[in-house]
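Read through the structure below, which is laid out as structure tokens, and then see the notes.
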Amino acid sequence: MLSLNDRLRHLVALLAAVCLIGAPIAASSQQDPSSKRQGQQKPTKPRATPPKNNAAAAPVKPEALPPSQIGIGTLAKYAFMVDPQTSTVLLFKDADKPMHPSSMAKMMTLYIVFEELKAGRIKLDTKFLVSERARNMGGSRMFVELGSEVSVEDLIKGMIVLSGNDACVVVAEGLSGNEDSFAARMTAKARELGMTGSVFKNSSGWPAEGQWTTARDLALLAWRTIEEFPDLYRYYAETSWTYNNIKQDNRNRLLKLTPGTDGLKTGHTEEGGYGQTTSAVRDGRRLILVVNGLSSMAERAQETSRLVEWGFRETANTTVFRAGDTVAEAPVWLGSQDTVPLVVARPVQITAPTGQAVTPRVVARFDGPINAPIAKGTPLGTAALTLPDNRVVEYQLLAGTDVARRGVFGRVTGMIQHYLFGWLS
């Protein structure tokens, strides 16, 4: 049996061992790299969780991301990515389900403004009066002053760069008299464009009962804006702007973060979360992405950038026909030449996984023989491309050259040859 002294010696040895083991752990847990640079400055207490809108969070493993119906998984509740030049959907996650548009609704307000400018009904220096309703709008603001007159160009920048809810009301009242009438116009324009899942209740995307859109609809709106108003679309790329001596940065962080980004619009509501409609171009190829339902500005920027990079990295476009290439030869009836080349007016491309060789099946469709004379550029048929996913995409075929009508003798000779010998062919 151990004596009291032996027990005390064992206890002291045990305590010493515990201290030796615990010392490195304690030192490691309290180490702060910044303390080496700041002398004796007391280390700050580490936060249990990062701030909501802090810098990019730690990357999530791809296999841990919620899955999508098409494409890779994403933290976004709704997502849609398309290559508009080939109509190929690269990412689809509940993209046809109703969601809150938030400030992405401003894209429709801007579309209508661009349409008015293109038609010449207003000009960039046209001015609209600021009402009390506009001045009192909450949320993100341009800070217009009551009773002032603001130019259309300034209002465009105010809606895009500053995401100004007040600017939207000024536009709505200036174009339609009141916001309810303008919202009805927005919904009607949505139907005209094919945005079947969108209903707008106001010009800014301010939360309202019955106001909905879909990720697919917003991507369509983005593409129509880019395609129809190339000279006005440039406003979407402005990174900051100062109005009324107040400078604000564009909330679209990808303009500075992700190469090739040139628009479009961010959005946020408590009900819908953080969303963004993005477009980027690299080497002449454009991708459009819509995400919504993210938890913070930082997560929105990180996830949107990740998805855009994935789209460009993992897929590529292959040119099947260049603009002006002949797809087929169509027979000509009583023309100066027997056939006319059928050409495509614009490049025909397909999207496929990077490195994968794809040869689509091409079928030219036309009613022939085609009566002469034929003018170059006349629509004569279509080319139907069957893609690897069994989608069929059609492109218009045009006459590639002029074909004159034969003279009287030539026409008579041709008709005789046809009726006497045509059965042999």
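Under a straight-distance cross-link criterion of Cα-Cα below 19 Å, which aspartates and glutamates are reachable from LYS247, leaving out those fewer than 8 residues away in the same chain? Qualifying aspartates and glutamates at Cα under 19 Å: GLU145, GLU153, ASP154, ASP166, GLU238. Let me know the shape class of region 254-396, please: from the alpha-carbon gyration tensor, a ≥ b ≥ c as square roots of the eigenvalues, rounded when a/c is under 1.5, otherwise prolate if a/b is greater than b/c, or oblate. It is prolate, given that a/c is not under 1.5 and a/b is the larger ratio. Of the peptides 286-296, 237-247, 179-189, 301-311, the ranking by mean beta-carbon count within 10 Å, highest at the top, reads 286-296, 301-311, 179-189, 237-247. Ignoring ligands, DNA and RNA, what percent of the 1.4 Å accessible area of region 109-191 is carbon and sulfur? That fraction is 45 percent. For region 316-406, the convex hull spanned by the alpha carbon atoms encloses 75 Å³ per residue. Put the Cα centre of region 362-380 next to the Cα centre of region 268-289 and the gap is 41 Å.
Remark: accessible surface ordering of ARG253, ARG322 (largest first) is ARG322, ARG253, probe radius 1.4 Å. Add +1 for every Lys or Arg and -1 for every Asp or Glu among the other residues with Cβ under 9 Å from the Cβ of ILE226, and state the total. Around ILE226, the surrounding residues sum to -1.
Which of the pairs LYS123/LYS256; LYS123/LYS265; LYS97/LYS201; LYS157/LYS189 have their Cα atoms more than 20 Å apart in this structure? Listed pairs above 20 Å: LYS123/LYS256; LYS123/LYS265; LYS157/LYS189.
The values are calculated or read from the model by the stated rules, or taken from the named source; none is laboratory data. Since we're looking at a predicted model, the values are computed, not measured. Cβ coordinates were reconstructed from backbone atoms using ideal geometry, including for glycine residues, and neighbour counts include every protein chain displayed. Just so you know, the surface numbers come from the protein's heavy atoms only, side chains and all, with ligands and any DNA or RNA stripped out. Shrake-Rupley method; radii C 1.70, N 1.55, O 1.52, S 1.80 Å.
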